[in-house]
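Since every read-out is calculated from the coordinates, none of them should be taken as a lab result. No experiment lies behind these values; they were computed from the predicted model shown. Glycine also receives a Cβ, built like all others from the backbone with ideal geometry; neighbour counts cover every protein chain displayed.
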Amino acid sequence: MVIGQLTGKTPSEAQIVYEASTTPSVNRGPGKSMYLGLNSDTGINDGDARALLANHGITTTYTRYTDPNQALEDLKSTLDDPKKAVIVGIDSAVVWAEVYKKDPPPNVKTADHSVVVIGVDTNNNIVHLNDSGLGDDLDPITNQPVGRDVQIPLDVFIRAWSADSYLIFAGEQTGNPIPRTAWVANMPRKDALDSVVNTPFAMGDLNNNDPAKAQHLVHFR
């Protein structure tokens, strides 16, 4: 999501998957790519995510907190800068239970999903998110994808965010992207060909027939 937000040029999901699948990882070891495909149990890690964004001229910083109040204040300050975009890690079950009006999980587990925070409304205690993991169904009222501008109560967001130690992953465009002239013909890896690329407005997930293999990617655009 943040590539389009910061640069105004949005690569397709297939292009990002191809790039991550063919770019050497900065920390997986020799011969390993950033993204290993749906047959792997891993998605993209923080170091590779930063390197991937750097390919698009975006410099990133990330900070974790022990104090949620300080984290929230820094989140709001970062969002006040129009040149920056913010990604956070969450326990998706907490947020999605709120979205689908289900009972919240009793315990916060691990950060298994990433979303882009686009606003914090402290007057109404609402956090605004772009969440590509919600799919590409259109909201019958807004006619926009349901994952665009998802509005979550602040306390629910803080609870879900705690799973990743209140990480603020901030990006800012500081350079020019590497030209990607060959992207027009690019496709995902062979091991993703049985998958459905189903989120046009954001990078989204590749949903495989085997749910155990359908990993959440880091949702950059």
Coordinate range along principal axes, alpha carbons of the range 1-107, Å, largest first: 41, 34, 27
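Restrict the search to the range 86-179; then list the chymotrypsin sites (Phe, Trp or Tyr not before Pro) that DSSP places in a loop and that have at most 14 other Cβ atoms within 10 Å of their Cβ. Provide the component values of the computation, followed by the final result.
Working: sites: Trp96, Tyr100, Phe157, Trp161, Tyr166, Phe169; in loops: Tyr100, Tyr166.
The qualifying sites are Tyr100.
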In the range 50-91, the trypsin sites (Lys or Arg not before Pro) that sit in a DSSP loop and have at most 13 other Cβ atoms within 10 Å of their own Cβ are Arg64, Lys83
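Around Pro24, what is the net charge, scoring Lys/Arg as +1 and Asp/Glu as -1 over all other residues with Cβ under 10 Å from its Cβ?
Details: positive: Arg28, Lys32; negative: Asp48.
Summing Lys/Arg as +1 and Asp/Glu as -1 gives +1.
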Whole-Hz Karplus ³J(HN,Hα) for the range 20-31, in order, using 6.51 cos²θ - 1.76 cosθ + 1.60 and θ = phi - 60°, x for Gly and Pro? 5, 7, 10, 9, x, 5, 7, 8, 8, x, x, x
Interchain or sequence-distant (5+) residues whose placed amide H lies within less than 5 Å of the amide H of Arg148 are Asp131
Using only the Cα atoms of the range 38-96, what are the Rg and Dmax in Å? 14.0, 40
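How high is the FRET efficiency between Thr59 and Ala14 when r is their beta carbon distance and R₀ equals 25 Å, given to the nearest 0.05? Don't skip to the answer; put the middle values down first.
Details: r = 25 Å, r/R0 = 1.02.
So, using R0 = 25 Å, E works out to roughly 0.50.
D for the range 112-183, whole µm²/s, Stokes-Einstein with Kirkwood Rh over alpha-carbon pairs at 4 °C and 1.567 mPa s: what number?
90 µm²/s
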According to a simple spin-label model (label point 7 Å from Cα along Cα-to-Cβ), what is the distance in nm between Ser165 and Asp46? 0.6 nm
Projected label distance in nm at Asp112 and Glu73, using a 7 Å step from Cα toward the beta-carbon: 3.4 nm
Give, rounded to the nearest 20 debye, the magnitude of the charge dipole that the range 1-120 has about its Cα centre when Lys and Arg contribute +1 at Cβ and Asp and Glu contribute -1 at Cβ. 240 debye
Give the long-range amide H neighbours of Ile126: residues separated by 5 or more places, or on another chain, with amide H under 5 Å away, using H modelled in the peptide plane at 1.01 Å from N. Asp121, Leu154
